[in-house]
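Engineer: Submitted below is the structure of interest, expressed as structure tokens.
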Ligand code: PHE
């Protein structure tokens, strides 16, 4: 059990939690993934669905996680165990906490590799190593970067070291201090990049691309991607937000804080789109380029423009910082659990976690070179980590948490911890009981490959299922509670 003698450390500043949680949320997901999936799935229509997913699933799940953290004042495992014991429920529920902690760790194992790409491109931009005149040349640079395990491993090792250095210094001295300058710096750089975009000649096209809500271009695959991405971009069910929530002072409003973080995350994703797409369009490139969009098309586009190198440097510096403020949040759950339960100091906890992480991430990194042939069921180790976490562990952990909060625990626990007025509370409850679970179930149906849900075609069915779930849930829930009550 966690040491309960000492009160838990808390964020020092008023903005400590918001900055750290926004730092966690804003990362490669916003700047690397969001623009390219928006490009792949056709722009504005995708953006609209994504916003709906953030509101209907992301915000309620995030509120639930923060409430678990603050109520239980511990790592995901300890916090969930304390909260369930308060309601007299089984400790078995803390398995959700174990999964969340593992999930954060697994994400970081491949995240450091992608973050390493960003750092290496920053270096290439600084030293003029990115020369080439076509997308094919850029693809060759990218391939060469990945083909050498020493180079690729060197960069991901650097990310691991920086992450552990910050986390090892502690919640206030390490995490809070670093996000308090990195986050404003990141926003400043993003604004400068948008200004550059405005003068690039492609800004109008970019705005039209991102904000023309043409529902005709909406595919079911796009909707699923939007739903899955809502989890990833808000750092949900991976221990990060819950653990940061465990340092949140009692007086802070969870609802308001969550909305600030979700809003900031969304605004940064859209701003990243407004920084990247003008440059892409101004150079007549394809926005649907896929994962290589910012590592191949973008550097080439920057090269072709006056002051492009300077802004290219700014871009990769911003991306590297965004990745780092996310990385630190992914191991905080593990480090906090080790400190609380194993009686070791924070630096020891951080560096020992770092060693294990380094070993696993090295395996992930090798997927791009020496281990290119090591596949299982058609997936490399790197892809397995991504697939298992984003398709299964995050949605499953989210589902467990909302069902636990919505049906299993005493209703007073969350009413008290969230401190909401009756109407917003009812809204939250409806979301965690029905809307979020339905959204998550759709992800599973798709991941199992059982059936391709087409939202455009099946929305009457989905609505019917939702109504039936609500009726059954409301009719059963008091009985459900009684049935689950220990004798
Ligand atoms: N939200 C981060 C991003 O968008 C990724 C992340 C996932 C961070 C899970 C912490 C936990 O890049």
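Engineer: Just to confirm the number: angle between the C-alpha axis of helix 394-403 and the first principal axis of the chain, 0 to 90 degrees, nearest 10?
Structural biologist: Helix 394-403 and the main axis of the chain meet at about 30 degrees.
Engineer: Could I ask something else about it? Would you mind ranking 271, 370 so that the residue whose beta carbon has the fewest other beta carbons within 10 Å leads the list? Present the calculation step by step, with values, prior to reporting the outcome.
Structural biologist: Working: 271 19, 370 12.
Listing 271, 370 from fewest to most nearby Cβ atoms yields 370, 271.
Engineer: Taking only Cα atoms, what is the 0 to 90° angle, nearest 10, from helix 177-198's long axis to the longest principal axis of the chain?
Structural biologist: Roughly 50 degrees, rounded to the nearest 10.
Engineer: While we're looking at this one, here's another question. In terms of the Cα gyration tensor, with a ≥ b ≥ c the square roots of its eigenvalues, is segment 312-403 rounded because a/c is under 1.5, prolate because a/b exceeds b/c, or oblate? Can you show the working numbers first?
Structural biologist: Numbers: a/c = 1.41, a/b = 1.20, b/c = 1.17.
In terms of gyration-tensor shape, rounded.
Engineer: In percent, how large is the relative contact order of segment 359-435, given Cα pairs closer than 8 Å and 6 or more residues apart?
Structural biologist: On the way: 28 pairs, mean separation 16.4, N = 77.
Here the relative contact order equals 21 percent.
Engineer: Can you show me the helix-derived [θ] at 222 nm for the chain, built from DSSP H runs with n ≥ 4 at -39,500 (n - 2.57) apiece and divided by the number of residues, rounded to the nearest 500. Please report the intermediate quantities before stating the final value.
Structural biologist: Details: 22 runs with 336 residues, N = 487.
For the chain, the value works out to -22500 deg cm²/dmol.
Engineer: Quick check: from the Cα gyration tensor, does segment 353-408 come out rounded (a/c under 1.5), prolate or oblate?
Structural biologist: oblate
Engineer: Could I ask something else about it? Counting alpha carbon pairs within less than 8 Å and at least 6 residues apart, what relative contact order, in whole percent, applies to the chain?
Structural biologist: Details: 739 pairs, mean separation 155.6, N = 487.
So the answer I get is 32 percent.
Engineer: In degrees from 0 to 90, rounded to the nearest 10, what is the angle of the helix 346-366 Cα long axis to the longest principal axis of the chain?
Structural biologist: Taking the Cα atoms of the chain, the angle to 346-366 is about 60 degrees.
Engineer: Which of the three applies to segment 104-198, rounded, prolate or oblate, going by the alpha-carbon gyration tensor with a ≥ b ≥ c and a/c under 1.5 meaning rounded?
Structural biologist: Working: a/c = 2.62, a/b = 1.29, b/c = 2.03.
It is oblate, given that a/c is not under 1.5 and a/b is not larger than b/c.
Engineer: For residue 421 and residue 55 in the same chain, what is the full-extension length gain: residue separation times 0.36 nm, less their Cα-Cα distance, in nm?
Structural biologist: Details: separation 366, 0.36 × 366 = 131.76 nm, distance 1.86 nm.
Full extension of this stretch gives 129.9 nm more.
Engineer: Could you please rank 54, 280, 344, placing first whichever residue has the fewest other Cβ atoms within 10 Å of its Cβ? All intermediate terms of the calculation are to be shown ahead of the outcome.
Structural biologist: Values: 54 22, 280 26, 344 14.
By the 10 Å Cβ count, ascending, the order reads 344, 54, 280.
Engineer: Related question: P(r) for segment 33-99: what percent of alpha-carbon pairs falls in each 10 Å bin, starting at zero?
Structural biologist: 20, 32, 20, 20, 7
Engineer: Further question on the same structure: Calculate the translational D of the chain in whole µm² s⁻¹ from Stokes-Einstein, where the hydrodynamic radius comes from the Kirkwood formula applied to all Cα pairs, the temperature is 10 °C and the viscosity 1.306 mPa s. Walk me through the numbers before you get to the answer.
Structural biologist: Working: Rh = 23.0 Å.
D, rounded to a whole number, is 69 µm²/s.
Engineer: Going by how many other beta carbons lie within 10 Å of each one, how would you line up 346, 73, fewest first?
Structural biologist: Values: 346 18, 73 21.
Ranking 346, 73 by Cβ neighbours within 10 Å, fewest first, gives 346, 73.
Where a number appears in this text, it was derived from the coordinates with a stated rule and is not lab data. From a predicted model like this one, the values you see are computed outputs, not experimental measurements. Counting neighbours? That spans all protein chains shown, and the Cβs are built from the backbone with ideal geometry, glycine included.
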